[in-house]
1. How many lysine pairs in region 16-128, separated by 8 or more positions in sequence or lying on different chains, have Cα atoms less than 19 Å apart?
2. For region 8-64, which trypsin sites (Lys or Arg not before Pro) pass both filters: DSSP loop (anything but H, G, I, E, B) and at most 16 other C-beta atoms within 10 Å?
3. In 5 Å bins starting at 0, how do the alpha-carbon pair distances of region 113-194 split up by percent?
4. Which loop trypsin sites (Lys or Arg not before Pro) in region 88-138, with loop taken from DSSP, have no more than 16 other Cβ atoms within 10 angstrom of their Cβ?
5. Could you tell me the convex hull volume per residue, in Å³, taken over the Cα atoms of region 1-147?
6. Can you find, among LEU105, ALA48, ASN277, the residue farthest towards the positive end of the dipole of the chain? Put +1 on the C-beta of Lys and Arg, -1 on that of Asp and Glu.
7. Around ASP221, under 11 Å between beta carbons, what's the net of Lys plus Arg minus Asp minus Glu among the other residues?
8. Note down the relative contact order for the chain as a percent, whole number, built from C-alpha pairs under 8 angstrom at least six residues apart.
Amino acid sequence: MRYSKRTDDIIDSFIMKLISVSKEKGMISFATGLPDGRLFDTEGIAKAAADVLHDNPKEVLQYSTLKGITPLREKIAARCRTEMNFNVSAENILITNGSQECFDLIGKMFLDKGDGMVVDDPGYLGALQSFSLYGPKFIGVPMNEDGPDTAKLAEALKQHPKLYYSIPNHQNPSGFSYSLEKRKEVAEMISGSDCMMAEDDAYGELGYDGRIGPPVRSMADNVILTGSYSKIISPGMRIGWMIVPDEMVEMTMKCIESSSLHANSFSQCIMDRFLENLDFNKYIKGLRKEYKRKRDLMLDLLDDHLPPELTWNRPSGGMFIWLRTPEGTDAMRFFDSALKNKIVVMPGRPFHVNGGENTIRLNFATANDEDIKEGVKRLAKAYDGLF
Ligand SMILES: Cc1ncc(COP(=O)(O)O)c(C=O)c1O
């Protein structure tokens, strides 16, 4: 096939492959980033869909506005004001087909082949894959339990990268979050640079005790903030958004128009009606409580069943635990042995620019309690005698 040269640069994603392995009979999966389907409000969404089709069928089934429907953008702007401590006009908010589309749009707008791009190390593989299509030179900055290594970030910024992509809240894959000090430090460094930050807030609403800190966007202007309803309402509806600085609005609109005309407006109308009918704060409290409970369940089981040379963190939100096998060991072997024991985990290496051989990502959100209990036992068996 005479594919473009650009396609040579796309990095492989393990994730989609693992989704199909996870569906094999008898398999338990801690591998993917899927939210718990049992928490979808299927009745509420069905009612919202029926209502919008009944009330406004011609409008909701028609082409729509490029930026996305106004009431939904206004709801996102209101949430920024009340929860994130910054004022944004709905005019700066553009709805996308999931926040994944934001990464493609951002790459398209900013990256030429060979441009420097700073990323968390480890960082979200799906975004790295999306950006890789534009051929940047990735510069990894170690992501620690309290946020990025800012000395390394300062060094990286000296190379005049075009973009810095980072996830300050309950990061995928590690579950790590920036401390308040790191948020301030990063905001100051980015403000004084010619680098645009893409701040991914996919898990920000899933802080178990509420939002863990203000977005970097609230402290610096050259930041694009991306968000999504995928992890809190439904990933299948494919609704994400990006909040862009004033001077980027026109260019972002051009890029959206050229790639999709606009995000799925039927989905947007259903989402907007669903939110209209919902006590959002109460709803989100319920989700946080349930994910916290599942985190605790998995952490207790890991404590009970895994040997002390394995270590892991205690995330304050989101869906992931970051497991480390001893320094110098190859966690791919653990992954292989786990598969043989019918438990799928996600090796940490593909999330890294450098290193990460001894890391594994565990998702505690998707599986039910019984599978979490059985899955951790299988993990312990898979690890036994391996190194
Ligand atoms: C950190 C992060 N950002 C963005 C996404 C993309 O989500 P969506 O396109 O469904 O909004 C994901 C999905 O797993 C994610 O983990």
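1. Lysine pairs satisfying the spacing and distance rule in region 16-128 number 4.
2. LYS23, LYS25
3. Bin by bin from 0 Å, the calculated values are 3, 16, 28, 25, 19, 8, 1.
4. Working: sites: LYS108, LYS113, LYS137; in loops: LYS113.
Filter output for region 88-138: LYS113.
5. Numbers: hull volume 32.9 nm³, N = 147.
In region 1-147, the Cα convex hull volume per residue is 224 Å³.
6. ALA48
7. Within the 11 Å Cβ shell, the charges total -1.
8. 23
Values in this text are rule-based calculations from the coordinates and carry no lab data. Here the structure is a predicted model, which is why all the values come from computation and not from measurement. Here Cβ is always computed from backbone atoms with ideal geometry, including for glycine, and neighbour counts include all displayed protein chains.
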